[in-house]
1. Just a yes or no: is a residue in the stretch 70-78 under 12 Å from Tyr144 (Cβ atoms), within 16 Å of ligand 2 (Cβ to nearest atom) and open to solvent by 70 Å² or more (accessible area, probe 1.4 Å)?
2. Assess whether Tyr98 counts as being modelled with pLDDT of 90 or more, open to solvent by less than 50 Å² (accessible area, probe 1.4 Å) and closer than 26 Å to Asp138 by Cα.
3. Quick check, is Val18 under 15 Å from the mean Cα position of the chain (by Cα), under 23 Å from Val118 (Cβ atoms), of a type in the set (A, V, I, L, M) and part of a helix (DSSP H, G or I)?
4. Starting from the stretch 155-182, take each residue that is touching a residue at least 40 places away in the same chain (Cβ under 8 Å) and list its partners that are among the acidic types (Asp, Glu) and within 14 Å of ligand 2 (Cβ to nearest atom), counting only C-beta distances under 7 angstrom and pairs at least six apart or across chains.
5. What number goes with the only condition from (1) away from ligand 2 (no atom under 14 Å from the Cβ); (2) within 22 Å of Tyr54 (Cα to Cα) that Thr140 does not pass?
6. Scanning for something among the aliphatic types (A, V, I, L, M), within 16 Å of ligand 2 (Cβ to nearest atom), within 13 Å of the chain's Cα centre (by Cα) and over 30 Å from Met1 (Cβ atoms), does the stretch 166-179 turn up at least one residue?
7. Being touching a strand residue (DSSP E or B) at 6+ places or on another chain (Cβ under 7 Å) and in a strand (DSSP E or B), is that true of even one residue in the stretch 44-64?
8. Before we move on, is Glu93 surrounded by 12 or more Cβ atoms within 10 Å (Cβ to Cβ), without any contact (Cβ under 8 Å) to a residue 12 or more places away in the chain, within 14 Å of ligand 1 (Cβ to nearest atom) and over 12 Å from the mean Cα position of the chain (by Cα)?
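The values are calculated or read from the model by the stated rules, or taken from the named source; none is laboratory data. Please read all numbers here as calculations on a predicted model, not as lab measurements. We place every Cβ from the backbone using ideal geometry, glycine too, and count neighbours over all the protein chains shown. Ligands, DNA and RNA are excluded from the accessible area calculation, which covers all protein heavy atoms including side chains. Shrake-Rupley method; radii C 1.70, N 1.55, O 1.52, S 1.80 Å.
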Amino acid sequence: MAHPKEERTLVLIKPDGVQRGLIGEIINRYERTGLKMIALKMLVPDKDMIERHYTVDPEWKRKVGEKSMKSYIANGEEPPFKTPEECGNAVIERLKNYMIVSPVIAMIWQGNKAIGIVRKITGGTEPLTSDVGTIRGDFTIDSYDMSDLDNRAIRNLIHASGSVEEAEKEIKIWFKENEILQYNLVQEKIIYDVNLDSLRE
Ligand code: CDP
Ligand code: MG
């Protein structure tokens with residue numbers, strides 16, 4: 001089994017994050033945790049890539065539908081969809097229109113619990129209810145009701161993988177093997193070295 005420090009996650013700065021001038025701010029938030037960036041590129045994806053990206057988990061459409069319908073019910077409102085599947089299908093079409101309008105930044109971050117750490121810093125899906133202090137909570141203001149009213153995707157600045165399986169499949173969509181770098185970062189000596197030998201006189 002790989003050591004925990006090998007865990008990897010895929011992060012995308014979505015078109016709104018790039019257009020809002022938040023590339024540096026977002027990278028800084030992940031970088032300062034001690035996670036290591038091992039790949040980075042800027043590109044304009046096409047609809048096919050977005051479809052492949054959001055269907056790596058065959059259950060995703062149902063899950064995304066359930067999550068947004070629950071949020072409506074929690075707010076005492078009627079969801080605008082009859083079933084989670086109907087909602088999931090609508091969301092993927094909206095994502096295909098949103099994610100291709102201008103460049104995105106794709107990155108791989110590596111380190112202990114990289115997936116969970118990145119999700120924690122990123123915040124929950126809907127910026128209206130994302131925690132204060134998270135990227136989505138601090139830097140934008142979208143909500144499910146407004147995005148549904150306008151029949152468009154929620155603009156929440158970032159994509160971050162949800163599980164190890166999802167991460168490994170998503171990484172293959174965005175990066176070739178030779179675009180992923182293996183290197184030592186000096187700070188890993190203090191984060192992971194068992195005896196801190198390199199610090200002794
Ligand atoms: O991105 P995250 O993992 O937090 O959420 P998701 O449930 O995997 O949904 C993926 C993306 O679909 C979200 O980040 C939103 O941009 C979009 N979405 C949407 O536009 N409308 C919804 N009701 C749910 C998700
Ligand atoms: Mg997700």
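1. yes
2. It is true that Tyr98 is modelled with pLDDT of 90 or more, open to solvent by less than 50 Å² (accessible area, probe 1.4 Å) and closer than 26 Å to Asp138 by Cα.
3. yes
4. Correct list of pairs: Ser161/Glu170; Glu166/Asp57.
5. Here Thr140 meets the rest and fails (2).
6. no
7. no
8. yes
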